[in-house]
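Taking it in order: structure first as structure tokens, then the write-up.
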Amino acid sequence: MTNNVLGIIGGSGLYDLPGLTDTRWVAVDTPWGSPSDQLFRGRLGDAELVFLPRHGRGHRIPPSEVNYRANIAALKMQGVTDVLSLSAVGGLRADLPPGTFVVIDQFIDRTFARDKSFFGTGLVAHVSMAHPVCPRLGDHVQATLAARGVPHVRGGTYLAMEGPQFSTLAESQLYRGWNCSVIGMTNMPEAKLAREAELCYCSVAMVTDFDCWHPGHDAVTVDAIIRVLLANAEQARGVVARLAGTVAADAQGAGCGCRTALQHALITAPDARDPALVQRLRAVAGRVLGD
């Protein structure tokens, strides 16, 4: 068995899996503060799983106030190597109706009120985000969705908006003109921070409704959206349960390029680095800074 550990970021009900054993809530304090909630650890067969409710249990925290740095750091500090990000989104394409799962491969980041890097003055780093998700993990996710018969599409661009308000009609039409597939509020800077922490990251966007560009948008009721949300959550639990063993057994994970993303990213000369920041960064970048 490998040392791969799957972390899941999403809703607070994802950890309700049949067969999950050795379960416990773990409080984690990070150099960037507290994550959205305690982390829920468990085992499914030989697979270790770590769950983090992105908005806290009961959905207490709005998108702009999520401590993304603490969330990613907490997962890293708990030994997570692979991150599955699950989030509800609006569809920007007619061929992505509610209930469709999109395995994202690109992002456009339109957020502006969030801390987007672990690094800063005293230690500067530039990681590549040309390909922001892990293709190896994406392959596993796609195979899992197909095996479970979940309606899905591999590949698509996620437009990350600040929120918490939904987009205007003009914005929605603009994003469609940019060939975006879905719109949401949470995957940035989450994906950027996962790359800086050298975690394999895959985003699965679960479409709940069409964004306001769609002529039938105004006819969508809250009840209808909730029904889709509940159905998506049930599908997501099944995906997690099936994916866990695949990730745990993947011998290729240790050689994945995501896990060496910082190898040539640090640009500040060693003798010019802020010792306090270096010490803080060991939680996520210990491999290149020395544990």
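Data overview
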| item | result |
| --- | --- |
| Restricting segment 202-230 to residues that are small (Gly, Ala, Ser) and part of a strand (DSSP E or B), the residue that is surrounded by the most Cβ atoms within 10 Å (Cβ to Cβ) | Ser203 |
| Test result for Ala233, within 16 Å of the chain's Cα centre (by Cα), under 14 Å from Thr100 (Cα atoms) and surrounded by fewer than 22 Cβ atoms within 10 Å (Cβ to Cβ) | yes |
| Test set (1) surrounded by 12 or more Cβ atoms within 10 Å (Cβ to Cβ); (2) more than 27 Å from Leu281 (Cβ to Cβ) - Gly19 fails condition number | (1) |
| Residues (buried (at least 21 other Cβ atoms within 10 Å of the Cβ) and closer than 30 Å to Ala224 by Cβ) located in segment 104-124 | Ile104, Phe107 |
| Which listed residue, of Leu39, Leu92, Leu96, Leu49, is within 27 Å of Ala254 (Cα to Cα) and touching a residue at least 60 places away in the same chain (Cβ under 8 Å) | Leu49 |
| Leading residue by the ranking (nearest to Ile8 (Cα to Cα)) among those in segment 235-252 that are out of contact with any Ser or Thr (no Cβ under 6 Å at 6 or more places or on another chain) and not hydrophobic (A, V, I, L, M, F, W, C) | Arg237 |
| Among the residues listed as Asp271, Asp250, the single one being under 23 Å from Val150 (Cα atoms), at pLDDT 95 or above and acidic (Asp, Glu) | Asp250 |
| Matching entry among Arg176, Arg195 (being under 20 Å from the mean Cα position of the chain (by Cα) and either of a type in the set (Ser, Thr, Tyr) or at pLDDT 95 or above (or both)) | Arg195 |
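The values are calculated or read from the model by the stated rules, or taken from the named source; none is laboratory data. Being a predicted model, the structure only gives us computed values, none of them experimental. All Cβ positions, even for glycine, are placed from backbone atoms using ideal geometry, and neighbour counts span all protein chains on display.
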